Amino acid sequence: PLVYRAKGTQEIYFEHLNVAEATVSIYPITFGEFGSLTSGNTITTDFNPKAKAVREWKIGASKTRNVLQRELFKFADENGKPLETGYYFIGVKEKPLKYDGNFYQGSLFIVATDNITFKASPTEGLAWLTDLESGSPQKDVSVTFYDDKLNQIGKASSNKDGIAYLKNI
């Protein structure tokens with residue numbers, strides 16, 4: 001998934017060709033939904049968001065046929081407020097295309113304040129947290145460690161160097 005900085009530019013280009021009508025929508029999703037989508041348990045085109053869209057754009061038919069069109073969508077609302085930190089799903093519905101799922105196309109992204117570098121062995125986990133804007137280590141941040149099935153296996157807090165360490169996992 002893409003990662004957008006909470007204080008940075010949040011935008012995406014949408015490319016289309018010979019579309020009669022399309023709707024591009026952004027939905028906030030839970031960590032559980034994010035995990036299900038990233039693991040493949042839920043296919044993005046079959047995803048059925050529980051929350052309402054927080055942003056939505058409609059594209060009408062272009063007068064020019066067979067020419068690739070690009071639309072720039074800025075995620076800020078009408079007051080210039082960017083999306084809050086969290087997990088998001090962006091779904092595309094198009095006409096006249098026919099498709100079996102809820103969306104023709106779907107993708108995931110995250111809006112975050114920090115970057116995390118993760119290393120693991122069969123018995124240990126180490127996370128290094130740094131601020132996405134400055135690169136400074138993040139102290140006293142609670143880090144939750146999960147296994148490959150997204151079951152919580154432990155927690156640790158980051159030290160002055162931004163390191164959170166968990167042993168005996």
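The values are calculated or read from the model by the stated rules, or taken from the named source; none is laboratory data. What you see is a predicted model, and the numbers here were worked out from it, not measured in a lab. Counting neighbours? That spans all protein chains shown, and the Cβs are built from the backbone with ideal geometry, glycine included. Accessible surface areas use protein heavy atoms only, side chains included; no ligands, DNA or RNA. Shrake-Rupley method; radii C 1.70, N 1.55, O 1.52, S 1.80 Å.
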inquiry  = Explain nothing, just compute: Karplus ³J(HN,Hα) = 6.51 cos²θ - 1.76 cosθ + 1.60, θ = phi - 60°, for every residue of the stretch 43-55 in order, whole Hz, x for Gly and Pro.
reply    = 7, 4, 6, 9, 4, 10, x, 8, 8, 6, 4, 9, 9
task = Using the Karplus curve 6.51 cos²θ - 1.76 cosθ + 1.60 with θ = phi - 60°, work out ³J(HN,Hα) for each residue of the stretch 87-101 in order, rounded to whole Hz, and write x for Gly and Pro.
result = 9, 9, 10, 10, x, 10, 10, 9, 10, x, 4, 10, 8, 7, x
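Given Cα positions, please report Rg to Rh for the stretch 1-52, the hydrodynamic radius being the Kirkwood one. Present the calculation step by step, with values, prior to reporting the outcome.
Numbers: Rg = 13.6 Å, Rh = 13.6 Å.
A ratio of 1.00.
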message = Whole-Hz ³J(HN,Hα) for each residue in the stretch 147-161, computed from phi via Karplus 6.51 cos²θ - 1.76 cosθ + 1.60 with θ = phi - 60°, x for glycine and proline: what do you get?
response = 8, 5, 9, 6, 8, 5, 10, x, 9, 8, 9, 6, 8, 4, 8
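Distance check, please: which entries in Lys50/Lys98; Lys50/Lys93; Lys52/Lys155; Lys63/Lys98; Lys119/Lys155; Lys63/Lys95 exceed 20 angstrom between their Cα atoms?
On the way: Lys50/Lys98 23 Å; Lys50/Lys93 17 Å; Lys52/Lys155 32 Å; Lys63/Lys98 22 Å; Lys119/Lys155 15 Å; Lys63/Lys95 16 Å.
Among Lys50/Lys98; Lys50/Lys93; Lys52/Lys155; Lys63/Lys98; Lys119/Lys155; Lys63/Lys95, the Cα-Cα distance tops 20 Å for Lys50/Lys98; Lys52/Lys155; Lys63/Lys98.
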request  = Hey, can you grab everything whose amide H is under 5 Å from the amide H of Val3? Only 5+ residues off in sequence or another chain; H modelled, so Pro and N-termini drop out.
outcome  = Ile110
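Please sort by residue number the trypsin sites (Lys or Arg not before Pro) in the stretch 1-60 whose DSSP state is loop and whose Cβ has at most 13 other Cβ atoms within 10 Å.
On the way: sites: Arg5, Lys7, Lys50, Lys52, Arg55, Lys58; in loops: Lys7, Lys50, Lys52.
In loop regions of the stretch 1-60 (DSSP not H, G, I, E or B), the sparsely surrounded trypsin sites (Lys or Arg not before Pro) are Lys7, Lys50, Lys52.
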request  = Could you give me the percent of Cα pairs per 10 Å distance bin for the stretch 25-169, shortest bin first, beginning at zero and ending with the bin that holds the maximum distance?
outcome  = 10, 28, 30, 20, 9, 3, 0
request  = Run through all the Cα pairs of the stretch 103-169 and give the fraction in each 5 Å bin from 0, expressed as whole percent.
outcome  = 4, 16, 24, 21, 16, 10, 5, 4, 1, 0
task = Restrict the search to the stretch 63-126; then list the GluC sites (Glu not before Pro) that DSSP places in a loop and that have at most 10 other Cβ atoms within 10 Å of their Cβ.
result = Glu78, Glu84
request  = For Asp148, tell me the accessible area in Å² from a 1.4 Å probe, rounded to the nearest 10.
outcome  = 130 Å²
message = Give me the dipole magnitude in Debye, nearest 20, for the stretch 21-169 about the Cα centre, with unit charges on the beta carbon: positive for Lys and Arg, negative for Asp and Glu.
response = 420 debye
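Taking all protein chains in place and a 1.4 Å probe, what share, in percent, of the accessible surface of the stretch 1-71 do carbon and sulfur account for? The partial results should precede the final answer.
On the way: 2210 of 4520 Å².
Accessible surface attributable to carbon and sulfur in the stretch 1-71 totals 49 percent.
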ask   = For the charge dipole of the chain, defined by +1 on Lys and Arg C-beta atoms and -1 on Asp and Glu C-beta atoms about the Cα centroid, which residue among Thr42, Ala22, Thr64 has the Cα displaced farthest towards the positive pole?
value = Thr64
inquiry  = Accessible area per residue for the stretch 11-169 in Å², computed with a 1.4 Å probe and the full protein assembly in place, what is it?
reply    = 63 Å²
